[in-house]
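> Here you go, one structure.
The values are calculated or read from the model by the stated rules, or taken from the named source; none is laboratory data. If you're wondering where the values come from, they're calculated on a predicted model, not measured in any experiment. A quick note on method: Cβ atoms are made from the backbone with ideal geometry, for glycine too, and the neighbour counts reach across all protein chains shown. When the accessible area is computed, the model is the full protein with side chains, heavy atoms only, and any ligands, DNA or RNA have been set aside. Shrake-Rupley method; radii C 1.70, N 1.55, O 1.52, S 1.80 Å.
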Amino acid sequence: MDYQILKPERFGNVEVLTISRPEALNALNSAFFSELNTYIDDIIANEPFRVLVITGAGKAFVAGADIAEMVDMNPSEAKGFSEKGQQSFMRLEELPIPVIAAVNGYALGGGCELAMACDMRLGSTKAVFGLPEVGLGLIPGYAGTQRLTRLTSLGNALKCIMSGDPFSAEEAYRLGLVQQLCEPDMLMEDALSLARKIAKRGPKAIRKVKEVIRKGRHLSFNQAMDLEKEKFSQLFEDEAKEGMKAFLEKRKPDWSNN
Ligand code: CAA
């Protein structure tokens, strides 16, 4: 597939996907969502790599939904626009493999919402986060109201979204939105290093960690423990046998049959 906005680049078992529309600070338009959905379809169908890293080209990660595309929408069109973004980001969140956001610059509005739909976020110390929608007379429309509340706290989400103020990567780290702060010129190296580390672990175990943690949040504690027990036991069909045997035989595990 020839993408115009997405630039995928493979590094062994890891893929880096760069969002590249720097003339609009990578603002998310319909073409982006169409490409993202095709890209996700391909990952689901072919599972060509183990970990995905998403970043932005130029000085922005993503500066939000495309305001020029939204400005003339009527309420019904706006509902469709929001729904498409919500569904696309949900598909990203639900990918079986881990997704790391490497936030290189502005992550505003829809850009912050995209980063929050990833499994973890590394932030350049130069990155700027924020949900400035209320300044445009809008509210976040790609599930930012919900993900920020769940990733931080009710008060933090309300303060951030009601003030609309941008905040630094250090503040994002303090809020728990960013898991690792990186020097700007080390961001991609740090992201790749984390991605490669995860890609070396038991691939089925990594997927089950994601499934159990993400699904478990919507279940009662007891139901989530049942899910954990189920997924734990499934690994004994093959991958866990290899991992534990390799430990006892003092060798590296060979996941190639898994
Ligand atoms: N949509 C469309 N175009 C955008 C954009 C966006 N979200 N953000 C930036 N651009 C465009 C600018 O219009 C400008 O284009 P021109 O050169 O053609 O004028 C170009 O990108 C460069 O931007 P600036 O000149 O503004 O760059 P700057 O360095 O002076 O400022 C910035 C950077 C502070 C990020 C500023 O661009 C900005 O405030 N952008 C908008 C941020 C925003 O409000 N995002 C939320 C969007 S609404 C949303 O996301 C809703 C939702 O949840 C679904």
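> Between helix 203-216 and the chain, what is the angle of the helix's C-alpha long axis to the longest principal axis, kept within 0 to 90° and rounded to the nearest 10?
Helix 203-216 and the main axis of the chain meet at about 50 degrees.
> Put Y173, Y3, Y106, Y142 in order of accessible area, largest first, 1.4 Å probe: what do you get? Mind showing how you got there, number by number?
Numbers: Y173 115, Y3 40, Y106 85, Y142 5 Å².
The ordering from most to least exposed comes out as Y173, Y106, Y3, Y142.
> Running a GNM on the chain with Cα contacts under 10 Å, which residue among E211, E35, E237 ends up with the highest mean-square fluctuation?
The residue that fluctuates most here is E237.
> Hey, another quick one. Going through the cross-link list K208/K229; K200/K231; K197/K252; K215/K241; K208/K231, which pairs have a Cα-Cα distance over 18 Å in this structure? Each step should come with its number before you reach the end.
Numbers: K208/K229 11 Å; K200/K231 20 Å; K197/K252 14 Å; K215/K241 25 Å; K208/K231 6 Å.
Violating the 18 Å limit, Cα to Cα: K200/K231; K215/K241.
> If each residue of separation counts as 0.36 nm, what is the full-extension length gain between M1 and K79 once their alpha-carbon separation is subtracted? Let's see the in-between values first.
Details: separation 78, 0.36 × 78 = 28.08 nm, distance 2.89 nm.
Contour length minus Cα-Cα distance gives 25.2 nm.
> Using the crude model of +1 on Lys and Arg Cβ and -1 on Asp and Glu Cβ, and no other charge, please compute the dipole size for the range 119-258 relative to its Cα centre, in debye to 20.
Numbers: 24 positive and 19 negative charges, 94 e Å.
I would put it at about 460 debye.
> Measuring from centroid to centroid over Cα atoms, what is the spacing of the range 11-76 and the range 108-172 in Å?
Cα centroid of the range 11-76 versus Cα centroid of the range 108-172: 17 Å apart.
> Please give the contour-minus-distance gain from M120 to M90: 0.36 nm per residue of separation, less the Cα-Cα distance, rounded to one decimal in nm.
Details: separation 30, 0.36 × 30 = 10.80 nm, distance 1.47 nm.
Difference between extended and current length: 9.3 nm.
> Report the accessible area of K229, computed with a 1.4 Å probe over the heavy atoms of all protein chains in place, in Å² rounded to the nearest 10.
130 Å²
> Let me ask something else. Summarise the long-distance tail of P(r) for the range 127-258 by giving the % of C-alpha pairs beyond 28 Å. Before the final figure, lay out each step's value.
Values: 3669 of 8646 pairs.
Roughly 42 percent, rounded to a whole number.
> Could you put I206, I54 in order of accessible surface area, largest first, with the 1.4 Å probe and the full protein assembly present? Don't skip to the answer; put the middle values down first.
On the way: I206 40, I54 5 Å².
My answer, sorted largest first, is I206, I54.
> Now a separate question. Given G155, A169, M73, which one lies farthest toward the positive end of the charge dipole of the range 6-199, if we put +1 on the Cβ of every Lys and Arg and -1 on the Cβ of every Asp and Glu?
Projecting each Cα onto the dipole axis, the largest value belongs to G155.
> Now for a separate question. Using only Cα atoms and rounding to the nearest 10 degrees, what angle (0 to 90) does helix 221-234 make with the longest principal axis of the chain?
50 degrees
> Oh, and also: Return the Cα extents of the range 203-248 along principal axes one, two and three, sorted largest first, each rounded to a whole Å.
Taking the Cα atoms of the range 203-248, the three principal extents are 36, 16, 14 Å.
> Heavy-atom accessible area of C182 with all protein chains present, probe 1.4 Å, nearest 10 Å²?
For C182, solvent-accessible area is about 0 Å².
> Under a Cβ-only charge scheme (Lys and Arg +1, Asp and Glu -1), can you give me the dipole magnitude of the chain about the Cα centre, in debye to the nearest 20? Provide the component values of the computation, followed by the final result.
On the way: 32 positive and 35 negative charges, 213 e Å.
That gives a dipole near 1020 debye.
> Once you wrap a convex hull around the alpha carbon atoms of the range 86-174, what is its projected area averaged over all directions, in nm²?
Working: hull surface 21.0 nm².
Answer in nm², one decimal: 5.2.
> Taking 1 over the mean of 1/r across every pair of different Cα atoms in the chain, what Kirkwood radius in Å do you get?
Working: mean 1/r = 0.0520 Å⁻¹.
Taking the inverse mean of 1/r over all distinct Cα pairs, the chain comes out at 19.2 Å.
> Follow-up question, since we're still on this one. Expressed as an acute angle from 0 to 90° and rounded to the nearest 10, what is the orientation of the C-alpha long axis of helix 75-93 relative to the principal long axis of the chain?
Between the helix axis and the principal axis of the chain, the angle is about 20 degrees.
> So, one more: Report the charge-dipole magnitude of the range 203-248 in Debye, nearest 20, computed about the Cα centre from +1 at each Lys and Arg Cβ and -1 at each Asp and Glu Cβ.
On the way: 11 positive and 8 negative charges, 47 e Å.
That gives the range 203-248 a dipole magnitude of about 220 debye.
> Just to be sure I understand the model, the point goes 7 Å from the Cα along the line to the Cβ. What's the resulting S163 to K245 distance in nm?
Label at S163, label at K245, 5.7 nm between them.
> Provide the solvent-accessible area of E189, counting protein heavy atoms only and rolling a 1.4 Å probe, rounded to the nearest 10 Å².
Result for E189: roughly 110 Å² accessible.
> Report, by chain and number, residues whose modeled amide H sits under 5 Å from the one on Y106, excluding near sequence neighbours (fewer than 5 apart, same chain).
A60, F61, V128
> Under 5 Å between amide H atoms, partner at least 5 residues away or on a different chain: which partners does F167 have, H built in plane at 1.01 Å?
F129, G130
> Who wins for biggest fluctuation among L151, L131, L122 in a Gaussian network model of the chain, springs between alpha carbons below 10 Å?
In this elastic network of the chain, the residue with the biggest mean-square fluctuation among L151, L131, L122 is L151.
> Moving on. Just want the answer: with Cβ charges of +1 for Lys and Arg and -1 for Asp and Glu, which residue in S233, A205, L248 is farthest toward the dipole's positive end in the range 203-248?
Of S233, A205, L248, it is A205.
> Long-range amide H contacts for F11: which residues qualify at under 5 Å (H placed 1.01 Å from N, peptide plane, sequence gap of 5 or more or a different chain)?
V16
> What is the sum of charges, Lys and Arg at +1 and Asp and Glu at -1, for the other residues whose Cβ falls under 12 Å from the Cβ of L28?
Values: positive: R21, K84; negative: E35, D66, E69, E113.
Once positives and negatives cancel, what remains is -2.
> Turning to a different aspect of this structure: Counting pairs of alpha carbon atoms under 8 Å apart in space and at least six apart in sequence, what relative contact order in percent does the chain give?
On the way: 429 pairs, mean separation 40.6, N = 258.
Rounded, it is 16 percent for the chain.
> Something else now. Pop out the carbon and sulfur fraction of the accessible area of the range 6-199 as a percent, whole number, probe 1.4 Å.
Values: 4620 of 8460 Å².
Carbon-and-sulfur percentage of accessible area, whole number: 55.
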